[in-house]
Amino acid sequence: MTNPLKDVLNSKVILVTGTNTTSNHPIIANYIHEAVTKHGAKLLVVDPRRIKLVDICHTWLRPRVGTNVAWINGLMHVIISENLQAQSYIDERTTGFEELKKCVAKYSPDYVAKITGIPEKDLIAAARLYATETPGSILYAMGITQHTSGTNNVKSLASLSMLCGNVGVAGGGVNPLRGQNNVQGACDMGGLPNVFTGYQTVTDEAVREKFAKAWNVATLPDRVGMTVTEMTAAGGEAIKALYIMGENPMLSDADIHHVEKNLQALDFMVVQDIFLTETARLADVVLPSTCFAEKEGTFTNTERKVLRVRKAVNAPGEALEDYRIISAIARQMGYAMEYADASEIMAEINRLTPSYGGITYERLEQGGVVWPCPTLEHPGTPILHINKFARGEGVFFPIEYQPSAELPDDEYPFVLTTGRVYEHYHTGTMSRKGSALNRLYPEALAEINVEDARNLDVADGEYVNIVSRRGSLKIKAAVSDITDRGVAFVPFHFYESAVNKLTNSALDPVSKIPELKICAVKIEKAA
Amino acid sequence: MNTIQLTIDGREIAAKEGDTVLQAARSAGIRIPTLCYHERLNPIASCGMCYVEIGGYSEPVQSCATPVAPGMDVVTQSEVLTDMRKESLQRLLLHHPLDCPICDKAGECRLQDLVFEYGIHADELQPPAKPREVVYATSLIKYWPDRCVLCLRCVTACKEVKGVCALGVAETEGRRHLEFYPERCVSCGECLQLCPVGALTENLSPTKGRAFLVNKVPTTCTYCGCGCQMELSVLDNRVVDVKGKDDAGVNQASLCVKGRFGYEFISSDQRLTKPLVKKDGEFQEVDWDQAIRVVARRFNQVKKEHGADAIGGFSSARCTNEDNYLFQKFMRAVIGTNNVDHCARL
Ligand code: SF4
Ligand code: SF4
């Protein structure tokens with residue numbers, strides 16, 4: 001996020017899109033609720049599902065799934081044609097405005113209505129609302145990124161925010177809500193194929209030399225590596241062995257029939273986890289590790305705040321902290337790797353990572369610190385891009401709408417979209433192990449629109465078969481008006497109803513994120 | 001922001017315009033006893049503890065619901081006020097059994113503290129009427145109607161913080177009690193967190209620890225990216241309860257159902273406890289030495305036969321920064337590949 005979680009309390013308008021915040025980031029939803037009910041902020045929801053926040057919103061736009069660039073361009077079209085943009089901000093801080101203007105010229109409300117299904121007058125009202133109430137904050141999540149157009153969707157939202165002068169101000173910003181506790185930290189720590197810690201690129205020779213020296217090796221690889229989806233796809237071919245720590249691609253990846261085949265084709269796979277997950281079952285070696293309550297460390301939350309994790313109980317049996325297991329393998333392979341505790345590792349991170357330079361354990365005792373924080377004296381940076389963009393000038397990207405990879409047709413007339421529910425988390429490895437959350441949400445449910453259910457002759461609680469080009473799934477239907485006609489929503493937490501057997505693995509060309517949010521399916525009443 | 005000058009207990013104080021007398025006193029470090037008041041909620045004014053005297057007013061007023069005005073002269077301690085507070089406490093205790101010895105909340109109960117402070121004795125109380133049993137909005141929380149003092153913090157928090165409105169007040173046989181709309185409840189436990197007495201208790205952990213017996217460990221939630229600050233209560237190497245921790249920047253002591261009630265997996269008997277190596281399609285338990293040797297040997301072998309780039313690593317969005325740092329260091333420095341990634345995209 002460019003801005004803190006609580007910053008929505010300073011917003012006059014809040015645009016929420018592609019995030020079911022109430023379910024997936026409940027605490028942020030609480031702040032949105034407080035902003036609206038206690039501080040009079042106006043809430044603008046753009047989502048194909050009738051999410052809970054629609055109850056308290058000022059305007060709700062319901063676009064067809066996968067038409068994000070079109071409605072965002074539409075909003076910008078209206079703002080520019082009514083001359084509501086923040087012209088002095090644009091002149092001072094950005095480039096590319098003329099190109100953007102040219103690009104969005106054709107996205108008139110009437111043209112956008114044809115693509116998205118959003119009524120013209122609603123689009124115009126929403127544009128006026130976002131442009132005239134400032135500051136305005138934008139919050140988004142996987143409903144924006146898990147598309148073949150994901151990168152373009154994100155860039156378009158950034159343009160919309162800059163157009164109204166909302167980047168770099170309190171109560172504004174473009175804020176991706178990261179779904180997992182430490183997604184932000186895993187990225188910051190260089191758990192990515194192209195960068196070391198703090199986004200220092202592997203293709204930069206000076207950076208490589210710095211790390212090689214610190215790590216006591218002659219050279220470090222200079223070629224950008226493969227992403228998770230690429231490695232899985234290359235299983236048995238270019239990739240012969242995988243070391244998987246705390247991940248469960250057998251449930252989380254798209255098109256898991258395919259994933260399973262590729263993992264089985266590997267020469268060797270080791271999985272390090274706290275449970276015998278669907279993925280671990282396929283491994284050659286399984287190493288027991290500790291969960292958050294059994295170790296010292298830090299997580300970095302979605303607002304870039306580094307927070308302490310502390311050991312509360314002893315690990316079961318012989319389970320060990322991940323970092324101790326990694327070190328043991330390294331030593332066995334002839335590399336000296338030894339840390340007395342997690343704080344020693346953080347000290348090394350501090351030395352090698354400018355943005356984490358001042359974030360020590362000692363400081364974290366006083367509470368979380370927000371990076372970039374280069375020195376011990378630095379207070380941290382809760383809001384990014386104040387006065388100036390990190391990269392100099394903010395760039396507007398003119399982006400054209402492109403349809404999703406797989407659209408409904410006569411044979412597969414429904415859109416299937418996936419996500420999470422409030423009571424569970426990711427692949428259910430943790431949330432489904434206890435009784436509490438299972439009591440509240442025991443089995444996977446497919447949300448289906450009331451009218452579709454009537455046409456299919458399916459009552460609430462009856463089973464349906466959902467079939468895509470890649471697989472089929474028998475699942476209980478939850479009939480409601482949450483999804484639009486022609487759309488079904490299925491959560492992916494449940495191994496016995498693994499919806500990713502059905503999803504499309506088509507990737508966004510830049511981010512390599514699979515298009516989990518839309519594929520074509522047919523739905524029939526199950527016998 | 002305009003400031004307003006007033007006097008509290010003889011001290012000149014500059015308060016923020018729009019603040020209540022209670023807030024002004026607190027910012028100045030002057031304590032006024034409260035039970036129902038909570039910083040994040042609009043004033044409820046149900047408990048009658050925060051009375052103060054204000055010069056020129058005919059009778060004491062509740063400071064939580066009185067905005068500051070220029071030149072106010074406020075007195076927070078007097079015999080009259082002490083008597084009023086005692087009376088309020090007695091009213092709260094009218095039906096409240098002093099069952100502190102068996103109450104989960106004993107030791108961190110606002111009511112217990114206040115009763116102690118004001119020296120109220122059990123013989124001043126009426127015997128409780130026939131005990132009542134009531135179900136709650138969620139199966140994860142237990143409601144003890146006799147302990148409930150109807151301060152309405154829970155009702156207000158459910159409405160104002162969570163926007164849920166699963167709680168209300170009703171009357172049966174002349175006695176007021178909470179009313180529930182279970183179909184709305186999201187089992188977040190905000191009500192439980194803010195209950196100042198033991199009327200709402202955690203109904204999940206089979207073992208319970210008294211407040212003063214458990215070890216409380218502050219940490220960060222392991223589920224979503226909000227990073228809520230929480231406190232794990234530990235008894236005999238087991239997490240028996242999770243509470244939100246006040247951290248003004250992150251969650252302000254709020255949690256959701258996952259953070260508050262999703263802790264059972266920690267002590268699940270399905271946890272992995274020994275390294276496993278697959279032989280003829282079956283996993284066998286081995287010791288660490290053996291497991292580490294197998295892994296190192298196979299990595300070396302693949303590296304020799306196919307090169308370092310034939311090995312890939314998935315680090316994890318659920319592991320700590322330190323674990324992730326070391327993982328990529330291992331892949332890059334020891335294996336010699338940049339094939340390292342995690343499921344940020346999924
Ligand atoms: S658990 Fe949450 S939703 Fe349910 S009654 Fe309590 S505060 Fe309201
Ligand atoms: S308590 Fe809920 S909202 Fe807070 S971090 Fe955990 S999962 Fe997220």
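The values are calculated or read from the model by the stated rules, or taken from the named source; none is laboratory data. Because the structure is predicted, anything quoted here is derived from the model rather than measured. So basically every Cβ, Gly included, is an ideal-geometry build from the backbone, and we count neighbours across all protein chains shown. Calculation scope for accessible area: heavy atoms of the full protein, side chains included, ligands and nucleic acids excluded. Shrake-Rupley method; radii C 1.70, N 1.55, O 1.52, S 1.80 Å.
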Worksheet item: Taking θ as phi - 60°, what are the ³J(HN,Hα) couplings along region A:350-364 by the Karplus curve (6.51, -1.76, 1.60), each to the nearest whole Hz, with x for Gly and Pro?
Response: 4, 5, 9, 10, x, 5, 9, x, x, 9, 9, 4, 4, 5, 5
Item to complete: Hey, can you find the accessible area per residue of region A:65-154 for me, probe 1.4 Å, expressed in square angstrom?
Response: 36 Å²
Response to the item:
Those trypsin sites (Lys or Arg not before Pro) from region A:68-168 that are DSSP loop and have at most 16 other Cβ neighbours within 10 Å turn out to be A:106
Fill in: Nitroxide proxy distance, nm - points 7 Å out along Cα→Cβ at residue B:99 and residue A:122
5.2 nm
Worksheet item: Taking the Cβ-Cβ separation of residue B:213 and residue A:105 as r and a Förster radius of 60 Å, what is the calculated FRET efficiency to the nearest 0.05?
Response: 0.30
Discussion item. Once you keep just the Cα pairs under 8 angstrom separated by 6 or more residues, what percentage relative contact order results for region A:5-177?
Written reply: 31 percent
Worksheet entry | Separation between Cα centres of region B:143-173 and region B:192-251, rounded to whole Å | 21 Å
Practice prompt. Go through region B:115-121 residue by residue and turn each phi into a ³J(HN,Hα) via Karplus (6.51, -1.76, 1.60, θ = phi - 60°); whole Hz please, and just put x for glycine and proline.
Written response: 4, 5, 4, 8, x, 7, 10
Fill in: Residues with amide H under 5 Å from that of residue A:370, placed H, sequence gap 5 or more
A:306, A:381
Worksheet, complete the sentence: Taking the dipole of the protein assembly as shown about the Cα centre (Lys, Arg +1; Asp, Glu -1; charges at Cβ), the one of B:275, B:316, A:224 that reaches farthest to the positive side is A:224
Item to complete: Determine the alpha carbon to alpha carbon distance for each of A:42/B:142; A:305/B:159; A:106/A:501; A:42/B:162 and list only those over 27 Å.
Response: A:42/B:142; A:305/B:159; A:106/A:501
Worksheet item: Any idea how far the Cα center of region B:1-63 sits from the one of region A:243-310, in Å?
Response: 53 Å
Worksheet entry | Computed E for residue A:58/residue A:84 - FRET, C-beta separation, R0 22 angstrom, nearest 0.05 | 0.85
Practice prompt. Note down the magnitude of the dipole of region A:5-177 about its Cα centre, charges +1 on Lys and Arg C-beta and -1 on Asp and Glu C-beta and zero elsewhere, to the nearest 20 debye.
Written response: 380 debye
Item to complete: With a cut-off of at most 16 other beta carbons within 10 Å, and DSSP calling the residue loop, which GluC sites (Glu not before Pro) in region B:1-104 qualify? Please list them.
Response: B:17, B:39
Practice prompt. Return the long-range amide H neighbours of residue A:94 (sequence gap of 5 or more, or a different chain), with a cut-off of under 5 Å between placed amide H atoms.
Written response: A:394
Worksheet entry | Inter-chain shielding of A:27-37 (mean C-beta neighbours from other protein chains, 10 Å cut-off) | 5
Fill in: Long-range Cα-Cα pairs in chain A (distance over 46 Å), rounded percent
13 percent
Worksheet item: Could you give me the ³J(HN,Hα) list for region B:74-90, computed from phi with Karplus coefficients 6.51, -1.76, 1.60 and θ = phi - 60°, whole Hz, x at Gly and Pro?
Response: 10, 10, 9, 10, 6, 4, 4, 5, 4, 4, 5, 5, 4, 4, 4, 4, 5
Fill in: Shielding of A:267-275 by partner chains, average beta-carbon count, 10 Å
6
Item to complete: Please give the total accessible area that chains B and A bury against each other, computed with a 1.4 Å probe and expressed in Å² to the nearest 100.
Response: 11200 Å²
Worksheet item: Taking the inverse of the average 1/r across all pairs of different Cα atoms in region B:3-89, what Kirkwood radius in Å do you get?
Response: 12.8 Å
Response to the item:
The farthest towards the positive end of the charge dipole of the protein assembly as shown, of the residues B:6, A:32, A:488, given +1 on Cβ of Lys and Arg and -1 on Cβ of Asp and Glu, is A:488
Worksheet item: Given the rule -39500 (n - 2.57) for each run of at least 4 DSSP H residues, summed and divided by the residues of chain A, what is its mean residue ellipticity at 222 nm, to the nearest 500 deg cm²/dmol?
Response: -8500 deg cm²/dmol
Fill in: In region A:196-278, trypsin sites (Lys or Arg not before Pro) in a DSSP loop with at most 15 other beta-carbon atoms within 10 Å
A:223
Discussion item. What's the magnitude of the charge dipole for the protein assembly as shown around its Cα centre, counting Lys and Arg as +1 and Asp and Glu as -1 at the beta-carbon? Answer in Debye, nearest 20.
Written reply: 660 debye
Worksheet item: Within the protein assembly as shown, what percent of beta bridges assigned by DSSP are antiparallel, to the nearest 5?
Response: 55 percent
Fill in: Relative contact order (%) - region A:11-55, alpha-carbon pairs under 8 angstrom, separation at least six
53 percent
Practice prompt. List every residue whose amide H lies under 5 Å from the amide H of residue A:43, counting only residues 5 or more places away in sequence or on a different chain, with H placed 1.01 Å from N in the peptide plane.
Written response: A:14, A:58, A:59
Discussion item. Could you tell me the calculated FRET efficiency between residue B:170 and residue B:287, based on Cβ-Cβ distance and R0 = 60 angstrom, to the nearest 0.05?
Written reply: 0.45
Worksheet entry | Helix-only CD estimate at 222 nm, as mean residue ellipticity for chain B, using -39500 (n - 2.57) per DSSP H run (n ≥ 4) | -6000 deg cm²/dmol
Worksheet entry | Simple spin-label estimate for residue A:206 and residue A:376 in nanometres, 7 Å along Cα-Cβ | 2.6 nm
Worksheet item: Picking from B:55, B:22, B:68, whose Cα lies most toward the positive end of the charge dipole for region B:3-89 (charges on Cβ: Lys, Arg +1; Asp, Glu -1)?
Response: B:22
Worksheet item: Looking only at Cα atoms, what is the convex hull volume of region A:437-478 per residue, in Å³?
Response: 80 Å³
Fill in: Gained length - residue A:347 relative to residue A:39, 0.36 nm times residue gap less alpha-carbon distance
106.7 nm
Response to the item:
Restricting to lysines and to Cα separations under 17 Å from residue B:329, and discarding same-chain partners fewer than 8 apart, the set is A:210, A:213, B:303
